[in-house]
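The values are calculated or read from the model by the stated rules, or taken from the named source; none is laboratory data. Computed from a prediction, not measured in an experiment: that's the story for all the values here. Don't worry about glycine lacking a Cβ; one is built from the backbone with ideal geometry, like all the others, and counts go over all protein chains shown.
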Amino acid sequence: MIALVRVDNRLLHGQVLEAWLPRLGARRLVVADDEAAASPLAQAAMTLAVPGEVAAEVRAVEAVDWAALAAAPERILVLFREVADLERAAARGLADLAPDVNVGNVHFGPGRRPVTPSVFLRAEELGALRRLAAAGLRVEARAVPGDSPTDVEEMERRFQRAPG
């Protein structure tokens, strides 16, 4: 089963390994990222950090079988680098199979505004998250499980108040 879908520009790192995997009880990790899937070096570097009891794989977004992940007996954490990749996967069926979406880290950049201390969004990314929430997904932003979650409505308010 897909326990959580997370958007994190850093993909696989300490917050995921030390906080999210244990909190979720996930026994499998799927990185859905075209760039990482095309790089054997990136795949090797990412999967080396994963504890031995957790199965890890790196796949292109279009190559992931979302229905098979949802039907799997073990709890699975899915990672995306970008909101746009999450939206692509949602259009291919993920939205019907994974109710919880966490936006954990999206780096600052041109056109991005802060909605949490670790999440900076462009207007089109916020719109994509709003559409996913309207489709029934529980969308939140927070870096680690112990943080208070920020829902889409609050992200919208913070985005509007932020200098742009």
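Look at segment 131-157: where a residue is over 17 Å from Ala3 (Cα atoms) and without any contact (Cβ under 8 Å) to a residue 60 or more places away in the chain and a partner is outside any helix (DSSP H, G or I) and of a type in the set (Ser, Thr, Tyr), sitting 6+ places away or on another chain with Cβ atoms under 6 Å, you get Thr150/Thr116. For segment 86-101, a tally of residues being closer than 24 Å to Glu18 by Cα and either part of a loop (DSSP other than H, G, I, E, B) or in contact with a helix residue (DSSP H, G or I) (Cβ under 8 Å, 6 or more places away or on another chain) (or both) returns 4.
In segment 97-108, is there at least one residue being without any contact (Cβ under 8 Å) to a residue 40 or more places away in the chain and under 26 Å from Ala162 (Cα atoms)? Yes; the residues of segment 97-108 include at least one that is without any contact (Cβ under 8 Å) to a residue 40 or more places away in the chain and under 26 Å from Ala162 (Cα atoms). The strands (runs of 3 or more DSSP E) located wholly in segment 1-75 that include 1 or more residues which are in contact (Cβ under 8 Å) with a residue 12 or more places away in the chain and over 14 Å from the mean Cα position of the chain (by Cα) occupy 28-32, 55-59.
In this structure, is Gly136 in contact with a Gly (Cβ under 9 Å, 6 or more places away or on another chain), modelled with pLDDT under 95 and either farther than 18 Å from Arg23 by Cβ or not in a loop (DSSP other than H, G, I, E, B) (or both)? In short, no.
The one condition from (1) touching a strand residue (DSSP E or B) at 6+ places or on another chain (Cβ under 7 Å); (2) outside any helix (DSSP H, G or I); (3) under 20 Å from Arg28 (Cβ atoms) that Pro145 does not meet is (1).
The sole residue among Val83, Val64, Val101, Val106 that is within 14 Å of Leu29 (Cβ to Cβ) and among the β-branched types (Val, Ile, Thr) is Val64.
Within segment 88-104, if we keep just the residues that are modelled with pLDDT of 95 or more and more than 17 Å from Ala63 (Cβ to Cβ), the residue that is surrounded by the most Cβ atoms within 10 Å (Cβ to Cβ) turns out to be Val103.
Criterion applied to Arg81, Arg113 was being over 25 Å from Ala19 (Cβ atoms), crowded, with 19+ Cβ neighbours inside 10 Å and in contact (Cβ under 8 Å) with a residue 12 or more places away in the chain, and the one residue passing it is Arg113. Taken together, the residues in segment 36-56 that are touching a helix residue (DSSP H, G or I) at 6+ places or on another chain (Cβ under 8 Å) and loosely packed, with under 15 Cβ neighbours inside 10 Å amount to 2.
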